Amino acid sequence: NAGVTQTPKFQVLKTGQSMTLQCAQDMNHEYMSWYRQDPGMGLRLIHYSVGAGITDQGEVPNGYNVSRSTTEDFPLRLLSAAPSQTSVYFCASSYAGVAKNIQYFGAGTRLSVL
Amino acid sequence: KNQVEQSPQSLIILEGKNCTLQCNYTVSPFSNLRWYKQDTGRGPVSLTIMTFSENTKSNGRYTATLDADTKQSSLHITASQLSDSASYICVVSRNYGGSQGNLIFGKGTKLSVKP
């Protein structure tokens, strides 16, 4: 059972570089989302998707783009990396109606921006 | 303001001892409350999910309680093991349609179990 798979596990970027964090799930979940986790703070929602072709902004969307061309994949793009984006990023998925259903998280991508 | 507060921030206990973690929330309209366990370097994993009508729910040595009147929840760990060392995150869900932006996360309690 793969569940939610995130790649890469670690990444170091220089300021201004761009990259894509990959997220894939094999549970046929409609909902997918991206969070960042910083020391001393709760998980914060970046972007989410309620289904293929539909995305929306969360609490902290600036500097990030997403797309959802398939049910399985939900990549997160950093357009021009900044040191403030140094964080651990988690992708999560759930059945429709995330308010009532459990989320399944990936193992995370640890990103450092120098 | 919708908030979830967890206490203590961190806790150290000896292996075999019991402990209780607290979660207070000011979230409305309330849908459910979840407890997640997050091992170091891993993503959160669901332990329990409780709705308004549920007072207690167990998952092995983990027992969660919910008092919807006082808006408090606790997670009790019995006979702790070294593998219980992790952060425990309380998440409250708002009953506000299907939007993703309805999950309010606490900052977590970091538990260390020492031999």
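The values are calculated or read from the model by the stated rules, or taken from the named source; none is laboratory data. If you're wondering where the values come from, they're calculated on a predicted model, not measured in any experiment. Here the Cβ positions follow ideal geometry from the backbone for every residue, glycine too, while neighbour counts run over all protein chains shown. Calculation scope for accessible area: heavy atoms of the full protein, side chains included, ligands and nucleic acids excluded. Shrake-Rupley method; radii C 1.70, N 1.55, O 1.52, S 1.80 Å.
Remarks
- Think of chain B as a dipole: +1 on every Lys or Arg Cβ, -1 on every Asp or Glu Cβ, centred on the Cα centre; then among B:Gly108, B:Phe52, B:Ser80, B:Gly108 lies furthest on the positive end.
- Violating pairs (Cα-Cα greater than 26 angstrom) within the set A:Lys100/B:Lys71; B:Lys1/B:Lys114; A:Lys14/B:Lys37; A:Lys9/B:Lys114: B:Lys1/B:Lys114; A:Lys14/B:Lys37; A:Lys9/B:Lys114
- Across peptide A:32-42, the mean count of Cβ atoms from other chains lying within 10 Å of each residue's own Cβ comes to 3.
- Descending semi-axes in Å of chain A, equivalent ellipsoid built from Cα gyration tensor: 22, 14, 13
- Relative to the compact-globule estimate of 2.2 N^0.38 Å, the Cα radius of gyration of chain B comes out at 1.03.
- Apportionment of accessible area to carbon and sulfur, chain B, percent (1.4 Å): 48
- Treating r as the C-beta distance of B:Ser7 and A:Asn28 and R0 as 25 Å, the FRET efficiency rounds to 0.10.
- If only the Cβ of Lys and Arg carry +1 and only the Cβ of Asp and Glu carry -1, the dipole of chain B around its Cα centre is close to 220 debye.
- Rounded accessible area per residue of chain B, 1.4 Å, Å²: 48
- The local environment of A:Met32, defined by Cβ-Cβ distances under 14 Å, has a net charge of -4 under the rule Lys, Arg +1 and Asp, Glu -1.
- Largest GNM mean-square fluctuation among A:Gln17, A:Gln57, A:Gln25, using chain A with Cα springs under 10 Å: A:Gln17.
- Average beta carbon contacts from partner chains per residue of A:95-108, 10 Å cutoff: 6
- Longest segment of chain A lacking trypsin sites (Lys or Arg not before Pro) that sit in a DSSP loop with at most 16 other Cβ atoms within 10 Å: A:15-99
- Each peptide in B:20-33, B:51-64 was scored by the mean count of other Cβ atoms within 10 Å over its residues; highest first, the order is B:20-33, B:51-64.
- Taking a sphere under 15 Å around the Cβ of B:Leu111 and counting the other residues whose Cβ falls inside, with K and R at +1 and D and E at -1, yields a net charge of +4.
- Taking 4.7 Å between beta carbons as the limit, the unpaired Cys residues of chain B are B:Cys19.
- Share of Cα-Cα pairs in the protein assembly as shown lying beyond 24 Å, as whole percent: 44
- Estimated dipole of the protein assembly as shown in Debye, rounded to 20 [Cβ of Lys and Arg +1, of Asp and Glu -1, Cα centre]: 440
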